[in-house]
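Chemist: Dropping a structure here in structure tokens format, bear with me for questions.
The values are calculated or read from the model by the stated rules, or taken from the named source; none is laboratory data. What you are looking at is a predicted structure, and each value in this text was computed from that prediction instead of being measured. Glycine gets a Cβ as well: all are built from the backbone with ideal geometry, and neighbour counts include every protein chain shown. Please note that ligands, DNA and RNA were not included when accessible areas were found on the heavy atoms of the full protein model with its side chains. Shrake-Rupley method; radii C 1.70, N 1.55, O 1.52, S 1.80 Å.
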Amino acid sequence: MAPLASKADGHAADFALRIAPTLVELAPQVVVSTIGYSDKVPGPLIRVREGKRITVEVLNDTDVPEYVHWHGLFVPPESDGVAEEGSPPVPPHLRRRFEFVAKPAGSRWYHSHTAAMMDLHRGVYTGQFGFFMIDGADDPGHYDQEVFLALREWEYFLSPMDQDAMAPDPDDPMPEKPRKPDLRTNGLEVSAPLYSINDKMLGAGDPLRVQPGQRVLMHLLNASAAEIHRLALPGHKFQVIALDGNPVPTPQAVDVIEIAPGERVDAIVEMNNPGVWVLGEIRDTARQAGMGMVVEYANKKQRALWTPPPNWRWDYTIFGTTGFGTNAEHPQPDHTIDMVFEKIPGGLNGINHWLVNGKEYPHQGEFVFHQGRRYRIVFHNRSDDSHPLHFHRHLFELVELNGKPTAGIRKDTVIVPAFGRATVDLVADQPGLTLFHCHIQQHMDFGFMALFRYA
Ligand SMILES: [Cu+2]
């Protein structure tokens, strides 16, 4: 990408992003108007070696302040691109230069962190997202081709339909389910009629062209504002090697990948079933509305084939340390923090609001970290939606999911299933204000946020 010369100090930045209105041709005759980075959706790939100090110059060519957040990176709060942590915005029609060390290694991303509230053309509802790849010493294993695939919804609207169109799995233990069901009327949620992988609807873009025997490394990102997605490639398996960019202790082959807003999954697919296939969302409605892409083997020219995956169940813990049975292998935490999440249904034509320990954001400073201490944080999801919960500027380790212990899975965003519970360990080693929130934009905007400060 051509660096934008800065008038401030005369040096060119390593990377430049221009926030501006742009058109995205999702398919012939299907063009959406949005805000993007440098006229690309996803924005330009930022790729650097771990530990390199880089500068990114952001020009905001819109009429409103914007925030650019570096998701999954260890950066100080003033560079994190988050108003609540005290980062300054990129003012309208002005530039701001970000300078930080690229770490930790892995699949990271960048996106708008502007509150959208009722404006479904701001923040993560727009095309302001891109991949940020930090290459480390870890070898992901041999592969022949590498692709970056961002899952997206477009043209968001408010609807009484549930944002997560898949019903909770009846086999889930639901440890947080209250005895009495909540009979209040649910409020409006955010839905979308159009879907894409990167900037194209299924069938509209170039196919992913492969050769028999090739190993394709897929960097998957859910850059959506609202929905959890599940992806399959008929006749093939995904060898999951990293979650949120962090290598997993036990890579496993799965038929379906479930990925929530904010999450990344790195998987290697061995191309050992020649033909023309649809890599797509397993829900027919989402796939038919665009979420998919064609995978075409050399010299194969038939219609792309979709078949539903065999019985599947997404379970993070299969990627954890094997033979793990107790919490004894985790160092004892210095403190345990319980976080309880509840929904206040918005009722007819209202928006749902979200409570963290009984209160909507902001809180009175009850969430405090002490530098160097180890925290065990228990997420109690007392709502009928699944939530991808995200900590800024830190990684955590998954300790337990719905009663099942695990170890070795490091993430920055974790899905806590409907009425479910997840426990994570986090070492407070990144001083400064730290935002925690649900990565579904509407939930975050309407209360589902908390700010941790260091004592
Ligand atoms: Cu949520």
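Chemist: Applying the selection to region 440-455, what residues are open to solvent by less than 10 Å² (accessible area, probe 1.4 Å) and within 20 Å of P76 (Cα to Cα)?
Modeler: Passing the criteria: A450, F452.
Chemist: Let me ask something else. Hey, does region 167-176 have a residue that's under 22 Å from the mean Cα position of the chain (by Cα) and surrounded by 21 or more Cβ atoms within 10 Å (Cβ to Cβ)?
Modeler: No, region 167-176 contains no residue that is under 22 Å from the mean Cα position of the chain (by Cα) and surrounded by 21 or more Cβ atoms within 10 Å (Cβ to Cβ).
Chemist: Out of the residues in region 392-430 that are part of a strand (DSSP E or B) and among the basic types (K, R), which is surrounded by the fewest Cβ atoms within 10 Å (Cβ to Cβ)? Lay out the reasoning, then the answer.
Modeler: From region 392-430, those part of a strand (DSSP E or B) are 396-401, 404-405, 410-411, 413-416, 421-427; that's our starting set.
Checking the rest, the ones that are also among the basic types (K, R) come to 404, 410-411, 421.
Details: K404: 15, R410: 20, K411: 26, R421: 19.
Looking at the filtered set, the residue picked out is K404.
Chemist: Moving on to the next point. Within region 363-391, work out how many residues are in a loop (DSSP other than H, G, I, E, B) and either within 16 Å of the ligand (Cβ to nearest atom) or acidic (D, E) (or both). Outline the logic, then answer.
Modeler: Step one: filter region 363-391 for residues in a loop (DSSP other than H, G, I, E, B), giving 363-367, 370-373, 382-386.
Checking the rest, the ones that are also either within 16 Å of the ligand (Cβ to nearest atom) or acidic (D, E) (or both) come to 366, 382-386.
Residues in region 363-391 being in a loop (DSSP other than H, G, I, E, B) and either within 16 Å of the ligand (Cβ to nearest atom) or acidic (D, E) (or both): 6 in total.
Chemist: Report, by residue number, each residue of region 393-423 that is closer than 26 Å to G86 by Cα, of a type outside the set (D, E, K, R) and within 16 Å of the ligand (Cβ to nearest atom).
Modeler: Taking region 393-423 first, the residues closer than 26 Å to G86 by Cα are 393-396, 411-414.
From what's left, of a type outside the set (D, E, K, R): 394-396, 413-414.
Result: T413, V414.
Chemist: Answer yes if at least one residue in region 207-218 is touching a His at 6+ places or on another chain (Cβ under 7 Å), open to solvent by 50 Å² or more (accessible area, probe 1.4 Å) and not hydrophobic (A, V, I, L, M, F, W, C), and no otherwise. Show your work before the answer.
Modeler: Step one: list which residues in region 207-218 are touching a His at 6+ places or on another chain (Cβ under 7 Å), which gives 215.
Keeping just the survivors that are open to solvent by 50 Å² or more (accessible area, probe 1.4 Å) gives 215.
From what's left, not hydrophobic (A, V, I, L, M, F, W, C): 215.
Among the residues of region 207-218, at least one is touching a His at 6+ places or on another chain (Cβ under 7 Å), open to solvent by 50 Å² or more (accessible area, probe 1.4 Å) and not hydrophobic (A, V, I, L, M, F, W, C), which makes the answer yes.
Chemist: Criterion first (within 16 Å of the ligand (Cβ to nearest atom) and of a type in the set (V, I, T)) does I351 satisfy it?
Modeler: Working: within 16 Å of the ligand (Cβ to nearest atom): yes; of a type in the set (V, I, T): yes.
Yes, satisfied.
Chemist: Is one or more of the residues making up region 19-27 at pLDDT 95 or above, closer than 30 Å to G292 by Cβ and charged (D, E, K, R)? So that I can check it myself, show each step before the final result.
Modeler: Kept after step one, since they are at pLDDT 95 or above, are these residues of region 19-27: 19-27.
Filter once more, keeping what is closer than 30 Å to G292 by Cβ: 19-27.
Retained after the next criterion (residues that are charged (D, E, K, R)): 25.
Scanning region 19-27, I find at least one residue that is at pLDDT 95 or above, closer than 30 Å to G292 by Cβ and charged (D, E, K, R), so the answer is yes.
Chemist: Just to be sure I understand the filter: pairs with C-beta atoms under 8 Å, separated by 6 or more residues or on different chains, first member in region 161-172 and over 10 Å from A418 (Cβ atoms) and at pLDDT below 70, second member open to solvent by 60 Å² or more (accessible area, probe 1.4 Å) and of a type outside the set (A, V, I, L, M, F, W, C). Which pairs pass?
Modeler: From residues that are over 10 Å from A418 (Cβ atoms) and at pLDDT below 70, the pairs are A165/T285.
Chemist: Has region 134-151 got at least one residue that is more than 22 Å from H390 (Cβ to Cβ), of a type in the set (V, I, T) and touching a residue at least 40 places away in the same chain (Cβ under 8 Å)? Working first, answer last.
Modeler: Just the residues of region 134-151 that are more than 22 Å from H390 (Cβ to Cβ), to begin with: 135, 137-147.
So of that shortlist, the ones also of a type in the set (V, I, T) come out as 147.
This time we only want the ones that are touching a residue at least 40 places away in the same chain (Cβ under 8 Å), so: 147.
Scanning region 134-151 turns up at least one residue that is more than 22 Å from H390 (Cβ to Cβ), of a type in the set (V, I, T) and touching a residue at least 40 places away in the same chain (Cβ under 8 Å).
Chemist: Mind listing whichever residues of region 102-123 are open to solvent by less than 50 Å² (accessible area, probe 1.4 Å) and on the phi > 0 side of the Ramachandran plot?
Modeler: Within region 102-123, G106, G123 qualify.
Chemist: To continue, here is another question. Just need a number here: residues in region 264-284 that are over 26 Å from W109 (Cβ atoms) and out of contact with any Gly (no Cβ under 8 Å at 6 or more places or on another chain).
Modeler: Number of matching residues: 3.
Chemist: Please work out which one of (1) surrounded by fewer than 15 Cβ atoms within 10 Å (Cβ to Cβ); (2) touching a helix residue (DSSP H, G or I) at 6+ places or on another chain (Cβ under 8 Å); (3) of a type outside the set (S, T, N, Q); (4) assigned to a loop (DSSP other than H, G, I, E, B) is the condition E99 fails and give its number.
Modeler: (4)
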